[in-house]
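Every read-out reported here was derived from the displayed coordinates using simple, explicitly stated rules and does not represent laboratory data. Treat the numbers as computed from the prediction; the structure is a model and nothing was measured. FYI the Cβ positions are ideal-geometry reconstructions off the backbone, even for glycines, and counts take in every protein chain you see.
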Amino acid sequence: MGTGLENAFIQHLQDHRGVVLKVCRIYSDDRDDFDDLFQEIILQLWKSYSSFRGESLVSTWMYRVALNTAITSLRKRKRRPDQHSLQAFHHNQAEVPDDRIDRVYAQELQRAIQALNKFDRAVLMLYLEEKSYGEMAQILDISENYIGVKLTRIRNKLKELLTP
């Protein structure tokens, strides 16, 4: 049986697992990156759990740790040489085009989001999570006014990327 600290940590993870999954989805290029990032975020959450003082919501703290870990991981990935997944080589089998309109737009939107810088992706993710400007400011450690400015710029950038 785990200690009280371990049990509380596990309960928080179960209650707020979606936070970690969303960050991993936004900052991962493929399943392997997703799995690696998920593990790294859980490790960083555990390492910093004993220093969590409860001055903010658990979900706010988890977002902050998860986003910082994801951004650091992204920097490390960009520095290492290209590695090609074996899955990319489907033994020369042709891919079947997926031209359903809902998937085409979802793919275009996903590419546009990936084209945003890492900080803008974090702001957008929190916005899509329907976090208030106050919560977003606390998670990202910036002012509420700057959140509004960033969201306007992000909307404009997405329009630019999605407009033919």
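The residue list Thr69, Leu5, Ile26 was ranked by how far each Cα lies along the charge dipole of the range 4-69 toward its positive end, using unit charges on Cβ atoms, and Leu5 comes out on top.
On full extension, the segment bounded by Lys118 and Arg77 gains 13.5 nm, given 0.36 nm per residue less the C-alpha separation. Using the Cβ-Cβ distance between Ile142 and Leu5 with R0 set to 30 Å, the FRET efficiency from 1/(1 + (r/R0)^6) comes to roughly 0.45.
Simple spin-label estimate for Gln14 and Leu57 gives 2.1 nm between the two label positions (7 Å along the Cα-to-Cβ direction from each Cα). Within the straight-line cut-off of under 29 Å between alpha carbons, the lysines reachable from Lys47 are Lys22, Lys76, Lys78, Lys118, Lys131, sequence neighbours fewer than 8 places apart in one chain being disregarded. Here the simple spin-label model places points 7 Å from the Cα toward Cβ, and for Glu129 and Asp29 these points are separated by 2.5 nm. Between Lys22 and Gln110, the distance separating the two model label sites (each 7 Å from Cα on the Cα→Cβ line) works out to 1.8 nm.
Each of the peptides 52-61, 131-140 was scored by the mean count of other Cβ atoms within 10 Å over its residues; in descending order, highest first, they stand as 131-140, 52-61.
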